[in-house]
Each structure stands twice: as C-alpha cells, then as structure tokens.
1. Could you go through the stretch 182-198 and let me know if any residue there is closer than 26 Å to Ile102 by Cα and part of a loop (DSSP other than H, G, I, E, B).
2. For Phe13, are the conditions met, namely being at pLDDT below 95, hydrophobic (A, V, I, L, M, F, W, C) and either over 20 Å from Gly103 (Cα atoms) or assigned to a helix (DSSP H, G or I) (or both)?
3. Can Asn314 be described as at pLDDT below 95 and closer than 12 Å to Leu329 by Cα?
4. Which one is farthest from Ile321 (Cα to Cα), of the residues in the stretch 132-177 that are in contact with a strand residue (DSSP E or B) (Cβ under 6 Å, 6 or more places away or on another chain) and of a type in the set (D, E, K, R)?
5. For the condition without any contact (Cβ under 8 Å) to a residue 60 or more places away in the chain and within 30 Å of Met1 (Cα to Cα), what is the one hit in Lys340, Lys381?
6. Taking the stretch 111-120 as the search range and keeping residues that are over 21 Å from Gly15 (Cα atoms) and not aliphatic (A, V, I, L, M), which one is surrounded by the fewest Cβ atoms within 10 Å (Cβ to Cβ)?
7. Is it true that Lys351 is over 30 Å from Leu93 (Cβ atoms), without any contact (Cβ under 8 Å) to a residue 40 or more places away in the chain and within 18 Å of the chain's Cα centre (by Cα)?
8. When the residues of the stretch 195-218 are filtered to those that are of a type in the set (Gly, Ala, Ser) and closer than 22 Å to Arg229 by Cα, which remaining residue is nearest to the chain's Cα centre (by Cα)?
Amino acid sequence: MNILIYTHEFPPFQGGIATSSKMIADILGSENNLMVCCPSYGKKDSEKFDKFDVHRINFIGGEYFKKIPLLQYLHGLIKIKKIIHTFKPKKILFLGEEAEIIGGLLNEKHIDQIVRVAGSGIESIIKRKNLSSLFSKFFLKRLYKNSKYIIAVSKNTKRLMSEEHEFFSSKKIRLIYNGIDEEFVKRKKNLSLEESYKVDKDTFILLTVSRLLPRKGQDFVIKALGKIRNKNIKYICVGEGSYKEKYKSLVASLDLEDNVFFPGGIKRKDIHKFYDLANAFILCNRTWNSKIEGLPNVAIESMARSVPVIGSKNSGTEELIKDGINGYLVDSEDIDDIAKKISFAYENKDKLSSLGDSAKININENFSLNRMKFDYLDLIKDE
C-alpha cells in the first residue's frame, strides 16, 4: 500500500514531532511503500532510508515553515499535489499543525486521511482569536472533517478533542501512545559526563531535554533553584530555542551560573549520556500562547533509562507518573511547589533508584514500541 506522511518536523530537526515522525515512518514503512514529505533543513531534495523514502521541500524564506506562513502553506500545497499525482498514495498521515493546515488546503476526499494531534495544537487551534488563527481554524476544521481517523497521543489530548464537537468527531478519535525505541533502552549506561559537570557523591543532577521555550517551563525550574540555594543541585537544560539568552540572563540575575548549564542541542546518538548522568528529570510544562503539552517523548525516554520524572499535573505527563511511586507531580506554575519537590527529591536521593526502577517497568509495560507498532499498523490496515 502506498502511504504518504506529511510532517513539518523530521530529523535532523530536533523535537518531539520530529522524533515521533521518524518512529511512525519506521513502523509504517516496515509493511508498506512509504514516502515522507517534510522541510529540507538544508539537506538534498530526496533521500532514502532503510524502510522509506524522504522528499524534502525547500520552503520559501528559509528552512522552517513559520517565517512566511501564507506563502509556506501555498508552496507546500503545490508540492504535495505534485507528489500525490506521481506517488498516488492510498492514505495520507498528517503530523503537526502546519502540515495539517496544508492538508486542509489540499481538501482531498478520495484519499483516506489520518491526523495525529499532539496536545500543543489543540488549544491554539480553538482559542486564539487573531486573523491568522481564523485562517488556520477554517482549514484545520476542514481537514478534521475529511479525515477518517484522528490520533490522540494521550488521554488528556483525547479529552480536549472530545470536548470540542465543532472540530472533532469523537467517533474518529483513536488513542495511540508514543512508544520507546528498544535500542535506546538497551544502550549501555554511560557516565562519561561526570567529569565535565564535576559530579561527586553530594551532587544532584536535574535534567530537562527540550526546546528552550516558556511552554517547557525551564524558567520556573531556574526560579525554584533561586529559592532553594543549594550548591549541590545542578540543572542541565539540553536543547536550543529562542529563549536561550533570556534564560541565561535569568540565571545570571539569580547568581546561579555554577548551578545551571546550557549545553545546547545534543545529537540523538549521545543524548542517553545526559539521562544516565541525571538523578531526576524535570519538565514543568504549562500553557503558553494557548499551547499545551501532549505526551512528551523526553519523559518517556527518561523513565525508560530508569530516571524518575518530576512532571506537571494536568498534562499528558500526568499519565506517566504515579506520584511518589515512579516520580513526582507538581503544580507547574507554582514555583514554591516546584522548589519543594526538588528539595524533597534531593533529600531523598537514596530512594530515587527505586522510583527509577518503577518508572522503567511502567514504560516497558505500557509504552513499548511493539505496542505502538501494533496500534498504527492496525489503524492503517482498517479499510
């Protein structure tokens, strides 16, 4: 069966949608003739992977969709029409809000369409009121109406969609959790970074792997550390983003330069070294610019490496964590609560290994790649 994936993020871009897109492509490409269409990121137009082909679009205004949105959408529409004409897919899977808008512009009704919706897009689709959002809403609504299935990545995402009857038909919604790559789980533990970060028996490493954006909550963690004032607690913020310099300035203003580190974007093949260094992973997601978090891949990855997560209540992360059993839940916008949970984790450092073991068991049982593979292939085969 010919299947087309249209996504606005794909490796080498680093982000949750890019990681998920690659995993889904590997799954669907294992039993189908698959093509992925995505931005170029400066790479050549066509590329062959083991299980699928990639067609990269050199979007107007640079390598990212968002520089000139309307022109990007029209350019993407022209490109995908050409690909559909030559490739003749039986099904199209759209991933990411920008790709979905182009899907709405496309308005294909003779091809089965499937949309995967992460949490970040839902509230931005529904609640933003500016002129550009009205444009987006019209075409997103049309895509959802034309789609055969809409995939939710978490129960929280499914709930939010089910409440918006104008946009989503509950009969179309299918819950499919992200899985974790077994190769990533089986990588040998690597503590080579201990010297770089001057880790000794008293050091406590907090880790966040994410783009540096308000929605990810790194600033709240930094402010919490400003309240704690513990020289033994070090916070490593892996990732790049438009708020990096602002966060560095915040660190300087709180005199935390010896506690907070920004190593930048890390290649996928090396990221496990940071998880292995950490005592706890922290992700204080919050609603920002009307965007929320779905089910973060990085939290799943952390737990799969036996690192407990301090994560936000009222988000997809809450579905991963049993408070005090395999991690800790916090009010993501309450700096005092975040500081309290970090201090508690630090003071009970000897118990974190047990929480990490429970976290890994939860991931192995409920978020395996095999389970994700079965769910996606079953959905695709459904005629």
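1. There is no residue in the stretch 182-198 that is closer than 26 Å to Ile102 by Cα and part of a loop (DSSP other than H, G, I, E, B).
2. It is true that Phe13 is at pLDDT below 95, hydrophobic (A, V, I, L, M, F, W, C) and either over 20 Å from Gly103 (Cα atoms) or assigned to a helix (DSSP H, G or I) (or both).
3. Spelling it out, Asn314 is indeed at pLDDT below 95 and closer than 12 Å to Leu329 by Cα.
4. Lys148
5. Lys381
6. Asp112
7. When the stated conditions are applied, Lys351 does not pass them.
8. Result: Gly217.
The values are calculated or read from the model by the stated rules, or taken from the named source; none is laboratory data. Predicted model only: the values in this text are computed from it and were never measured. Note that each Cβ is placed from the backbone with ideal geometry, even for glycine, and that neighbours are counted across all protein chains shown.
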